[in-house]
Amino acid sequence: MIVVIAIGGSIIAPNLHSKSFKEYAKAIKEIAAQHKVFITVGGGAMAREYIRIARNLGANEAFCDLIGIDLTRLNARLLISALSEDAYPIPPLDYKEAESFASSEKIVVMGGVIPGQTTDATAAILSEFVKADLFVNATSVDGVYTSDPRVEPSAKKLDKITPEQLVEIVMKSEMKAGAESVIDPLAAKIIERSKIPTIVLNGTDPKNIVDAVIKNYHFGTEIISSYNK
Ligand code: UTP
């Protein structure tokens, strides 16, 4: 299988520790022993900090995004360091480059590509580009809920939804001030248009990602188009 895994910065780099990168590298190697793997890495706390400072200094939002992208690429380089020989040595700057680096048979690890989105969307578009059989979005929450559980405590976690339901939920949560959505709305639209089989799961323990890909065993949310059911 071709598998694209989005590793949120919030799980791999909530703070900067080599141990965390080592643990994710070990899990990714296990998956790559059986499948062709592409990884996107988020920016984490460092990206948020840099963006906050840039905004205070008067930078516009697109410029802040560029700083965010730089940080995601730095985290990608750290994960490449941890993967060592198993990874392609540099993060691709766009999707075409990702595809061509993959012909090396190495694991391709990238950060963001363009302002106005997050690495969730980068990973979803990469999934389209490389015709991924599976897209795993590893985040710090347990999956997709009926609404934002931090805003509505009665919200329920969903085990299986269609891409259309995902888009509806993500758009609804976006309209509430201060609410953060579990997956980038652009990523949700891409999943919808290309019917990419997707799992959104809690990846704070990297073993959860391994179990989901290798054993199809997870406690997250599966997004399956009715055509693929
Ligand atoms: P992240 O993907 O880390 O965003 O990108 P996030 O929402 O903070 O996700 P987590 O917490 O890591 O899971 C960090 C920032 O980099 C910019 C955006 O500003 C984003 O908020 N970015 C990233 C882009 O502009 N384009 C990209 O393709 C990727």
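The values are calculated or read from the model by the stated rules, or taken from the named source; none is laboratory data. Predicted model, so just to flag it, every value in this text is computed and none were measured. When we count neighbours, we look across all protein chains shown, and the Cβ atoms used for this are built from the backbone with ideal geometry, even at glycine. Ligands, DNA and RNA are stripped out before the accessible areas are found, and what is left, the full protein with its side chains, is counted by its heavy atoms. Shrake-Rupley method; radii C 1.70, N 1.55, O 1.52, S 1.80 Å.
Computed values, structure above
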{"quantity": "Members of the range 1-58 found to be within 16 Å of the ligand (Cβ to nearest atom), without any contact (Cβ under 8 Å) to a residue 12 or more places away in the chain and part of a loop (DSSP other than H, G, I, E, B), listed by number", "calculated": "H17, L57"}
{"quantity": "S181, sole failed condition from (1) within 14 Å of the ligand (Cβ to nearest atom); (2) closer than 19 Å to G220 by Cβ; (3) small (G, A, S); (4) touching a strand residue (DSSP E or B) at 6+ places or on another chain (Cβ under 9 Å)", "calculated": "(4)"}
{"quantity": "Scan of the range 66-79 for residues that are open to solvent by 60 Å² or more (accessible area, probe 1.4 Å) and either within 13 Å of the ligand (Cβ to nearest atom) or of a type outside the set (K, R) (or both), ordered by number", "calculated": "L66, D70, L74, L78"}
{"quantity": "Subset of the range 1-10 (residues that are open to solvent by 10 Å² or more (accessible area, probe 1.4 Å) and among the hydrophobic types (A, V, I, L, M, F, W, C))", "calculated": "M1, I2"}
{"quantity": "Matching helices (runs of 4 or more DSSP H) fully within the range 77-187 where at least 3 residues are small (G, A, S)", "calculated": "95-102, 119-129"}
{"quantity": "Among the residues listed as I223, I191, I214, I183, the single one being under 14 Å from the mean Cα position of the chain (by Cα) and at pLDDT 95 or above", "calculated": "I191"}
{"quantity": "A82 vs. criteria surrounded by 15 or more Cβ atoms within 10 Å (Cβ to Cβ) and more than 8 Å from the ligand (Cβ to nearest atom)", "calculated": "yes"}
{"quantity": "Residue within the range 198-212 that is in contact with a Leu (Cβ under 9 Å, 6 or more places away or on another chain) and farther than 25 Å from A76 by Cβ present", "calculated": "no"}
{"quantity": "Where a residue in the range 140-155 is at positive phi and its partner, wherever it lies, is open to solvent by less than 50 Å² (accessible area, probe 1.4 Å) and assigned to a strand (DSSP E or B), with Cβ under 7 Å and at least six apart", "calculated": "G143/V200; G143/L201; G143/T221"}
